[in-house]
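S.K.: Quick one: the structure is below, questions incoming.
The values are calculated or read from the model by the stated rules, or taken from the named source; none is laboratory data. Predicted model, so just to flag it, every value in this text is computed and none were measured. Here the Cβ is made from the backbone with ideal geometry for all residues, glycine too, and neighbour counts use every protein chain on show. Keep in mind that these areas ignore ligands, DNA and RNA; they rest on the heavy atoms of the full protein, side chains included. Shrake-Rupley method; radii C 1.70, N 1.55, O 1.52, S 1.80 Å.
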Amino acid sequence: MNKFVKLISWEARRILRFPLLEIFLVLIMLSVVTEMFYVSQRMSEGSAPLLLSTSRRIVYLYGKWIAYNVSHTMSNIFIVSILTGSTLIGNFMAKEIENGTTKLYASHPISRSHIFISKYIVCFFSLALVPLLALLISVFMIDPRFPLYLMQNEREIISLLIVVLLMSFYITSVSVACSVFSRNVAMSLFGSIGILLVINIVSGDYSYLPGRSLSSLYVLFCGNQSYSSQIERTIAIVFLPLVGANLSFISYYLFTRRMELS
Amino acid sequence: MVELSELHKKYRNGTYAIKNIDFIFDEGVLGLIGPNGAGKSTMIKILMGLLRPSKGDAILLGENAFSNPAILKKVGILHEKPAYPPDVTGREFLEFMAVFKDLEKSDVNEACNIMKITGYIDKKIGSYSAGMLQRFGIADAILGKPNLVILDEPTSNLDPLGRIDVLNIIGALHTEAISFIVSTHILSELGKVCTDALILNEGRVIAEGKIGDLGRINDDKSTCDLEMIFLHYLREDIE
């Protein structure tokens, strides 16, 4: 167990040296901040409540304008997280398989399952950290009314946390699967970004697909049950964990039982 | 120490990298010899559990390294083109690996002293030259003085003095009951430290045994020159 913890901390130290993490953190911050200014401006002009009540997309959020704000930025964050996750995991997993670093680790007394799980955990939490930090920092920095509201409503915070973790799990599982299947940085990067973005675009028509489902899930977890049918809600809740778990299991099996490190 | 039985490795395109190798190596310094593409590196990778054989078994110190990687605590390896993480220092990497081999920091220092890399061990691996990296890789392989050290092209990227150093180290460590499997093209130098040889061609074993036995090329002539031995058996095989 001690060795496994050591392996995780080793991988964590290595991934934290990855400069793209900071770059994408700034990108996410910008996307959130821009949105924040937009909503704040509308509200100060007195038009935000009107906007919320007349927009079909957010009728169910009437009286909960903070939810609108966060759920709207969720889609921006999702797209940036796709880019972050795919690049990060492509460089951290596919590249190390491709250039032989994984082979080097596997030539030492470290089990393949430990190598895979440690990399997976580190990728997942690094990816989750980016949107969480971006959201929290921006929420606390931009408008003092937001944190007060959030502090009054623990459910909002928990909902945010659940959705971000689900989102990170989904992106990590797709990117790791692309890395393990392709064992090539370029193919992993473009495969992962392509798959995730196409599903994101398609989600415009199918609300239970990510990323539209992420905003919907956030609202649902906040306690609003009225945005869709029971079936759509169930699919939206089940889709991300189910896809993530299946892909993760297949990647694990392939990496530990089938992969040849030549 | 190493036992290969009916070992086959077939690629997806149908070609064999290794074809029906039966071989046992107990202890000593084994020279793994063969032309490019003979299957030397593939054999090493199968032994280390990195590749899976299409048929047959590869047993390392009584265990299969693929299903029981813990056996690799007693084995050190230098790959042909090792890809060490460039963003950590040599010491960080060796100390990290020492944890998995249940070794102490003093073992890291000892390996560094043997390979004469103490001058740059605290620098990032990415800044090492090819020769420095090769020495570092050998230090990683002999870390903790394992029972068996496998070196794939250990003298590539080294200057003549470096080559002599490495061969002397192999000889010295062998006297401390460490066995070696060395795959290299520099046969004339390797012959000085080898006790055994396994000669491969096109994935097959064409000769194996003690250097003294293999060196009796014919009734009149006997040699310890590994290059001559290799060329003799290779010609025989081609004919």
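S.K.: How many residues does segment B:65-86 hold that are within 18 Å of B:Phe100 (Cα to Cα) and without any contact (Cβ under 8 Å) to a residue 60 or more places away in the chain?
M.R.: Total satisfying the criteria: 10.
S.K.: Restricting to segment B:89-105, give me the number of residues that are more than 9 Å from chain A (Cβ to nearest Cβ), assigned to a helix (DSSP H, G or I) and either of a type in the set (D, E, K, R) or out of contact with any helix residue (DSSP H, G or I) (no Cβ under 7 Å at 6 or more places or on another chain) (or both).
M.R.: Total satisfying the criteria: 3.
S.K.: How many residues does segment B:170-192 hold that are open to solvent by 30 Å² or more (accessible area, probe 1.4 Å), in a loop (DSSP other than H, G, I, E, B) and not acidic (Asp, Glu)?
M.R.: Final tally of qualifying residues: 5.
S.K.: Six or more apart or on different chains, Cβ atoms under 9 Å: show the pairs whose first residue is in segment A:84-97 and of a type in the set (Phe, Trp, Tyr) and whose second is surrounded by fewer than 24 Cβ atoms within 10 Å (Cβ to Cβ) and not in a helix (DSSP H, G or I).
M.R.: Qualifying pairs under 9 Å: A:Phe92/A:Phe18.
S.K.: Among the residues of segment B:150-200, which ones are among the aliphatic types (A, V, I, L, M) and in contact with a Ser or Thr (Cβ under 6 Å, 6 or more places away or on another chain)?
M.R.: Hits for segment B:150-200 are B:Val166, B:Ile186, B:Leu190.
S.K.: Residue by residue through segment B:65-77, note down the ones that are more than 7 Å from chain A (Cβ to nearest Cβ), hydrophobic (A, V, I, L, M, F, W, C) and open to solvent by 50 Å² or more (accessible area, probe 1.4 Å).
M.R.: Residue satisfying the conditions is B:Phe66 alone.
S.K.: Among the numbered criteria (1) within 14 Å of chain A (Cβ to nearest Cβ); (2) touching a Lys or Arg at 6+ places or on another chain (Cβ under 6 Å), which one does B:Met43 miss?
M.R.: (2)
Each row is one residue, and each column tells you yes or no for (1) of a type outside the set (S, T, N, Q); (2) modelled with pLDDT under 85; (3) within 17 Å of the chain's Cα centre (by Cα).
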| position | (1), (2), (3) |
| --- | --- |
| B:Leu133 | yes, no, yes |
| B:Asp140 | yes, no, yes |
| B:Leu148 | yes, no, yes |
| B:Ser179 | no, no, yes |
| B:Thr184 | no, yes, yes |
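S.K.: Of these, B:Gly34, B:Gly62, which one is at pLDDT below 90, buried (at least 22 other Cβ atoms within 10 Å of the Cβ) and away from chain A (no Cβ under 12 Å)?
M.R.: Checking each option against the conditions leaves just B:Gly34.
S.K.: Across segment B:48-58, what is the total count of residues that are within 10 Å of chain A (Cβ to nearest Cβ) and open to solvent by less than 40 Å² (accessible area, probe 1.4 Å)?
M.R.: 4
S.K.: Considering only residues that are buried (at least 18 other Cβ atoms within 10 Å of the Cβ), assigned to a loop (DSSP other than H, G, I, E, B) and touching a strand residue (DSSP E or B) at 6+ places or on another chain (Cβ under 7 Å), which ones fall in segment B:122-169?
M.R.: Once the filter is applied, which keeps residues that are buried (at least 18 other Cβ atoms within 10 Å of the Cβ), assigned to a loop (DSSP other than H, G, I, E, B) and touching a strand residue (DSSP E or B) at 6+ places or on another chain (Cβ under 7 Å), segment B:122-169 yields B:Ile142, B:Leu143, B:Pro146, B:Glu153, B:Pro154.
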